[in-house]
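Chemist: Mind looking over this structure? Questions follow.
The values are calculated or read from the model by the stated rules, or taken from the named source; none is laboratory data. These numbers were taken from a predicted model, which means no experiment stands behind them. Here the Cβ is made from the backbone with ideal geometry for all residues, glycine too, and neighbour counts use every protein chain on show. Calculation scope for accessible area: heavy atoms of the full protein, side chains included, ligands and nucleic acids excluded. Shrake-Rupley method; radii C 1.70, N 1.55, O 1.52, S 1.80 Å.
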Amino acid sequence: MKVLVTGGLGFIGSHTVVELQNKGFEVVIIDNLSNSSIEVLDGITKITKKKPHFEKLDLKDRLSVNQFFNKHNDIAGVIHFAASKAVGESVKEPLMYYENNINTLVYVLQQICQLESKNFIFSSSCTVYGQADELPITESAPVKPAESPYGNTKQIGEEIIRDTCKVNEDLNAIALRYFNPIGAHPSSDIGELPIGVPQNLVPYITQTAIGLRDQLSVFGDDYPTPDGTCIRDYIHVVDVAKAHVIALERLIENKGDSNFEVFNLGTGKGSSVLEVIQSFEKVSGQKLNYKIVDRREGDVIAAYADTTHANDVLGWKTESTLDDAMASAWNWEKKIRN
Ligand SMILES: NC(=O)c1ccc[n+]([C@@H]2O[C@H](COP(=O)([O-])OP(=O)(O)OC[C@H]3O[C@@H](n4cnc5c(N)ncnc54)[C@H](O)[C@@H]3O)[C@@H](O)[C@H]2O)c1
């Protein structure tokens with residue numbers, strides 16, 4: 001079966017392409033390489049011994065999107081990763097974020113509605129919960145006003161899909177709300193490739209350890225958590241990728257309880273920033289240079305998933321630990337710097 005993966009050369013997309021190909025799906029990737037590199041295609045090919053079909057295409061170009069779907073009208077499902085994802089940048093460039101994250105979604109959905117098989121998976125985020133009132137966070141927790149244009153694009157994205165599903169009964173969609181994907185493929189042939197200064201904790205840790213950055217700043221140690229640092233639910237990217245394959249099979253087999261479903265993708269366990277650093281130091285055998293600085297604006301205190309819905313209904317659960325993920329991130333960093 002042919003599956004379209006938009007943003008398939010990005011961090012989560014590339015790992016998902018590997019898992020799809022391992023399961024025998026024929027994958028077509030669309031990416032404009034705005035936040036990825038063409039070499040990722042070689043990494044995927046090396047792992048799976050199969051080169052996915054790749055089209056360099058900007059999904060903001062509606063005409064090109066239409067032409068692509070005219071050529072590939074036998075697509076059985078679409079996994080839509082393509083988006084801009086830097087929270088800080090989205091505050092400075094809101095229109096760029098609304099254009100890239102909303103227009104592309106609309107263009108892709110318009111085309112899916114013309115296909116015979118209308119199966120769609122959307123990359124959403126735990127950011128939709130903001131600082132949740134209760135932990136762990138279930139899917140029924142209220143969606144809080146977005147803290148950034150980026151977060152807002154995920155909320156609006158979900159609403160667009162929900163509204164479209166209401167009037168298209170044969171459209172089946174799943175939104176997967178990722179918590180904090182980290183790590184790299186165990187082969188170290190693909191991983192996270194942040195362009196410029198990393199916005200996320202784990203690539204910042206590995207780049208500091210390898211000598212690319214002087215020091216890691218830990219933003220605040222006076223939060224109401226056991227060690228005072230913020231708590232997140234760090235999940236191995238390969239576990240995230242595998243969830244997409246299971247979700248896609250659920251859509252294709254028409255097993256959904258409704259035609260728009262939402263699942264949390266997390267481990268269910270929160271880890272503090274200091275615990276992540278300790279895990280890194282354990283698996284790398286290396287001390288990390290870090291200092292505690294003031295709190296950063298916009299950080300929620302703690303967020304971790306209730307995974308019951310994903311475990312019981314989707315039939316998926318995580319396989320890797322935080323240490324596994326940190327070890328894979330470190331192996332990847334060492335490999336790319338060599
Ligand atoms: N990484 C995270 O922590 C995280 C957490 C929650 C949700 N998400 C969401 O998951 C998705 C994937 O995230 P990621 O970490 O793999 O990001 P990424 O930046 O590594 O991958 C996104 C890919 O999409 C491509 N792309 C962007 N705009 C495009 C366009 N207009 N046309 C074609 N290709 C385009 C980029 O070149 C990149 O390869 C995003 O939607 C992101 O918002 C990520």
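Chemist: I need the full set of residues from the stretch 1-27 which are surrounded by fewer than 24 Cβ atoms within 10 Å (Cβ to Cβ) and assigned to a loop (DSSP other than H, G, I, E, B), in order please.
Modeler: Met1, Lys23, Gly24, Phe25, listed by residue number.
Chemist: Among (1) open to solvent by 10 Å² or more (accessible area, probe 1.4 Å); (2) over 18 Å from Glu192 (Cα atoms); (3) over 20 Å from the mean Cα position of the chain (by Cα); (4) more than 11 Å from the ligand (Cβ to nearest atom), where does Thr45 come up short?
Modeler: (2)
Chemist: Follow-up. Right, Ser217: more than 12 Å from the ligand (Cβ to nearest atom), within 19 Å of Ala327 (Cβ to Cβ) and not in a helix (DSSP H, G or I) or not? Reasoning before the result, please.
Modeler: Numbers: more than 12 Å from the ligand (Cβ to nearest atom): yes; within 19 Å of Ala327 (Cβ to Cβ): no; not in a helix (DSSP H, G or I): yes.
It is false that Ser217 is more than 12 Å from the ligand (Cβ to nearest atom), within 19 Å of Ala327 (Cβ to Cβ) and not in a helix (DSSP H, G or I).
Chemist: Taking interchain pairs and intrachain pairs at least six residues apart, which have beta carbon atoms under 8 angstrom, with the first residue in the stretch 285-305 and more than 13 Å from Gly228 (Cα to Cα) and modelled with pLDDT of 95 or more and the second among the basic types (Lys, Arg) and open to solvent by 60 Å² or more (accessible area, probe 1.4 Å)?
Modeler: These pairs meet every condition: Tyr304/Lys269.
Chemist: To continue, here is another question. Can you tell me which residue in the stretch 119-132 is nearest to the ligand (Cβ to nearest atom), limited to those that are surrounded by 24 or more Cβ atoms within 10 Å (Cβ to Cβ) and farther than 12 Å from Arg177 by Cα?
Modeler: Filtering the stretch 119-132 for residues that are surrounded by 24 or more Cβ atoms within 10 Å (Cβ to Cβ) and farther than 12 Å from Arg177 by Cα, the one nearest to the ligand (Cβ to nearest atom) comes out as Phe120.
Chemist: Filter the stretch 302-320 down to the residues that are loosely packed, with under 14 Cβ neighbours inside 10 Å and on the phi < 0 side of the Ramachandran plot and list them by number.
Modeler: First, the residues of the stretch 302-320 that are loosely packed, with under 14 Cβ neighbours inside 10 Å: 308, 312, 315, 319.
Answer for the stretch 302-320, where residues must be loosely packed, with under 14 Cβ neighbours inside 10 Å and on the phi < 0 side of the Ramachandran plot: Thr308, Asp312, Glu319.
Chemist: Same structure again: Taking the condition crowded, with 20+ Cβ neighbours inside 10 Å and outside any loop (DSSP other than H, G, I, E, B), does Ile174 pass?
Modeler: Numbers: crowded, with 20+ Cβ neighbours inside 10 Å: yes; outside any loop (DSSP other than H, G, I, E, B): yes.
When the stated conditions are applied, Ile174 passes them.
Chemist: Let me ask another. Report whether or not Ile30 is buried (at least 17 other Cβ atoms within 10 Å of the Cβ) and in a helix (DSSP H, G or I).
Modeler: No: the conditions fail for Ile30.
Chemist: Related question: Checking the structure you have, find out if any residue of the stretch 133-150 is surrounded by 16 or more Cβ atoms within 10 Å (Cβ to Cβ) and assigned to a helix (DSSP H, G or I).
Modeler: Looking for residues that are surrounded by 16 or more Cβ atoms within 10 Å (Cβ to Cβ) and assigned to a helix (DSSP H, G or I), one finds at least one in the stretch 133-150, hence yes.
Chemist: Return the only residue of Asp163, Asp189 being out of contact with any strand residue (DSSP E or B) (no Cβ under 8 Å at 6 or more places or on another chain) and not in a helix (DSSP H, G or I).
Modeler: Within the list Asp163, Asp189, the selection yields Asp189.
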